[in-house]
Amino acid sequence: MYPNLYFAIKDLFGISLPVLRFINSFGFFVALSFIAAAVTLTKELMRKEREGLLHYREQLVLIGKPATPSELSLNFLLGFILGFKLVGLFTADSALTANVQEYLLSLQGSLPAGIVGGALLAGLKFYEKNKQKLPQPQEKKVRIWPHDRVGDLTIYAFIFGFAGAKIFNSLETWDDFVRDPMGSLFSFSGLTFYGGLICAALAIWYYARKNGIGFWHLNDAAAPGLMLAYSVGRIGCQVSGDGDWGILNSAYITSASGKPVLTDHVDLMKTLQQNSAMYVSQFGSLDKVPHLTVKAPSFLPDWLFAYSYPHNVIGEGVRIADCNGQYCSQLPIPVFPTPIYETLVCGILFFILWSLRKRLRVPGTLFGIYLILNGIERFLIEHIRVNSTYNIFGFHPTQAELISFGLVITGALIYFNLKRRGTPPAAATGTQVE
């Protein structure tokens, strides 16, 4: 596992670059997932614009105005944070910055660098605005196409998606949240995809309505990218070992070298007993530890079915022999590496949605199919994932199972309802002035 890019580059290429400790592996792939979604969304919006399905809006823009106090303050604040934290990362005591996540959320940093960084960004904004300043500021009409707003849409999705993922994860791990509310909300681990999807969708719906973007066309344009983003994001879960893995594969135990080795019932129970404190704290008792016995086919590697997540970012498991440092744990009994499965399956589903995007002419139907496929995929993977369950009339579903079931039903209703209504006539070219 590679908690951050420093460990990845050092292990793969033998190069030690301390600056890479700043780049969390999970965060790196989350960023890539947002980029992948933004690229596919832009391509789809531009295609729909060429086909006359989406149109521009004319907007009045004031040019030649000097920088406002709020613009200068915002730039100073951004520059201060960047200088305070980034420069502090290299100048602070190494023990303080060993855990980059804790350092970023602390009050530690370089105050002089923060002041210089803030002054620099505020000065650049002042210079930029002053260079364009006119004796009398003028209003100018500009055409804003939907694809021009992808940057704003991505920011909305990131902010509200992250907030929703943290809130839903706190609900899903309520006991941990009650023990440490601030740590749970502001940590860099623990994100629930569906919470992010729901909150981001509501924010984007509001933004699209406000800016006159056809909601169903926008949903269809975003659907393939959302599936691709999920696939890429799950790589981050696997690479970092963030705890979002499957149940135990009781056909194996973990060797001292971290490899999965076939076992029998006696050795399995012995390993469970030796690590009973860890498993009892998670599941209540050894009898409640979820597991499935699956031996890997001879033509596939064992780790594809049983993985110990050595050096995982959350420090879960037993200590690795002869390992020094912060990330020195591995699971004593390997688990199903569900992030790998979801990366592969959702990658395939992305290509299916991409191939359907031009064939489904009724706006919103592609998004309905996305919800159905997403819900089915997640519902199935939940059977081999570790999750908290609810007791509902004798049934014990997980939060993700409930939401995925709801997504399938919602997707089916959207698809058949919109299909019944048929393709609406193309809207006239937008010329609204804001």
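Descriptive notes on the structure:
- With a Förster radius of 35 Å applied to the C-beta separation of residue 287 and residue 412, the computed FRET efficiency comes to 0.35.
- Cut-off 14 Å between beta-carbons: net charge of the residues surrounding residue 268, Lys and Arg +1, Asp and Glu -1: -1
- Cross-link pairs beyond the 28 Å C-alpha cut-off, checked among 10/259; 43/85; 166/358; 48/419; 141/210: 43/85; 166/358
- The ranking of 328, 323, 199, 237 by Cβ neighbour count inside 10 Å, starting from the fewest, reads 323, 328, 199, 237.
- For the stretch 299-307, putting each phi into the Karplus relation 6.51 cos²θ - 1.76 cosθ + 1.60 with θ = phi - 60° gives couplings of 8, 10, x, 4, 5, 6, 10, 8, 10 Hz, in residue order, rounded to whole numbers and with x for Gly and Pro.
- Neighbour counting of Cβ atoms within 10 Å sorts the residues 362, 335, 61, fewest neighbours leading, into 61, 362, 335.
- Gyration tensor verdict on the stretch 105-172 (Cα atoms; rounded if a/c is under 1.5, prolate if a/b is larger than b/c, oblate otherwise): oblate
- Whole-Hz ³J(HN,Hα) from phi, Karplus 6.51 cos²θ - 1.76 cosθ + 1.60, for the stretch 339-344, glycine and proline x: x, 5, 4, 5, 4, 5
- Amide proton proximity set for residue 294, modelled H, under 5 Å, gap of 5+: 250, 251
- With neighbour counts taken as other beta-carbon atoms within 10 Å, the residues 283, 168, 299 rank, fewest first, as 299, 283, 168.
- Cα shape, the stretch 248-336, gyration tensor, a/c 1.5 rule: oblate
Read-outs: derived from the displayed coordinates by stated rules, not from any lab. For clarity, every value in this text was computed on a predicted model and none was experimentally measured. Virtual Cβ from ideal backbone geometry, glycine too; neighbours counted across all protein chains shown.
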